[in-house]
């Protein structure tokens, strides 16, 4: 999608999806080509109440082709930070975490499982640049019920789906997949995963969420591992 959005483009979409776009996008909205999001929040370094650590990050998105780069610093203690770079570029996913830029703590890239996990993340976070969720961005929508729809996106050899749940206000409340790849001692394990969005505010006329959190839905119960605030959102247009 390059031309400004026409209202009739939304008519073929499932009802909750069309309501969402009419809620968050003004008439004639131009396609967002890139977005830059500054974030602060907490990341769960260990699965205990004491395992939360503050982070600062800048995430950049591109829409054509779909991609993102999350550049984050997680503070372990004063003067000691973990640098994490998580990305999806040219159909490939990649993640690397280093301590003081010298010691590699974790690294993953180049596998179908990593690509699928990264593309799930892109699709879930596309609510931060909503024109990326329009059919012109490659997203296909299937109605589930009056408050939910399933989105699918293919990039290269990778296809993922997410179930979007919409609130009574028309905005995306949550996204869900029963099988996102989770690293368990070096093995990719399909695991139910969910993200939640809230506190929508206008950015350049577009409604985007300012708060979010994500969690693994484990047999022993949900495990939230990221919660953050979008402190600043900026768009570049096609």
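The numbers here are math on the coordinates, done by the rules we state, and not lab data. Because the structure is a prediction, the values reported are computed rather than measured. Cβ: placed from backbone, ideal geometry, glycine included. Neighbour counts: every protein chain shown.
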Sort all Cα-Cα distances of the range 87-167 into consecutive 10 angstrom bins from zero, then give the percent of pairs in each bin up to the one containing the longest distance. 17, 42, 26, 12, 3, 0
Give, in nm to one decimal, the length gained when the segment between residue 159 and residue 73 is fully stretched (0.36 nm per residue of separation minus the Cα-Cα distance). 28.0 nm
Which of 213, 42, 50 moves the most in a Gaussian network model of the chain with Cα springs under 10 Å? 50
Subtracting the Cα-Cα distance of residue 104 and residue 189 from 0.36 nm times their residue separation yields 28.4 nm
Taking Cα pairs under 8 Å and at least six residues apart, what relative contact order does the range 1-93 come out at, in percent? 18 percent
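Sort largest first and round to whole Å: the equivalent ellipsoid semi-axes of the range 98-229, each the square root of five times a Cα gyration tensor eigenvalue. Show your work: numbers first, answer last.
Details: eigenvalues 132, 63, 54 Å².
So the equivalent ellipsoid measures 26, 18, 16 Å along its semi-axes.
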So the angle from the long Cα axis of helix 15-24 to the longest Cα principal axis of the chain, reported in degrees to the nearest 10, equals 80 degrees
Length released on extending from residue 143 to residue 90, taking residue separation times 0.36 nm less the Cα-Cα span: 16.2 nm
I want to verify a result. In a Gaussian network model of the chain, Cα cutoff 10 Å, which of these has the top mean-square fluctuation: 220, 125, 201? 220
When a/c is below 1.5 the answer is rounded, else prolate if a/b is larger than b/c, else oblate, so apply that to the range 1-115 with a ≥ b ≥ c taken from the square roots of the Cα gyration tensor eigenvalues. prolate
So what is the relative contact order for the range 139-238, in percent, with contacts set as C-alpha pairs under 8 Å and at least six apart? 14 percent
Taking springs between alpha-carbon atoms closer than 10 angstrom, which of 144, 162, 134 fluctuates most in the Gaussian network model of the chain? 144
Treating the angle as unsigned and between 0 and 90°, give the value, to the nearest 10°, between the Cα long axis of helix 112-125 and the longest Cα principal axis of the chain. 60 degrees
Given labels modelled 7 Å from the Cα in the Cβ direction, how far is it in nm from residue 229 to residue 46? 2.7 nm
So what's the gap between the Cα centers of the range 44-100 and the range 139-156, to the nearest angstrom? 27 Å
Find the relative contact order for the chain and round it to a whole percent, using C-alpha pairs within less than 8 Å whose residues are 6+ positions apart. 20 percent
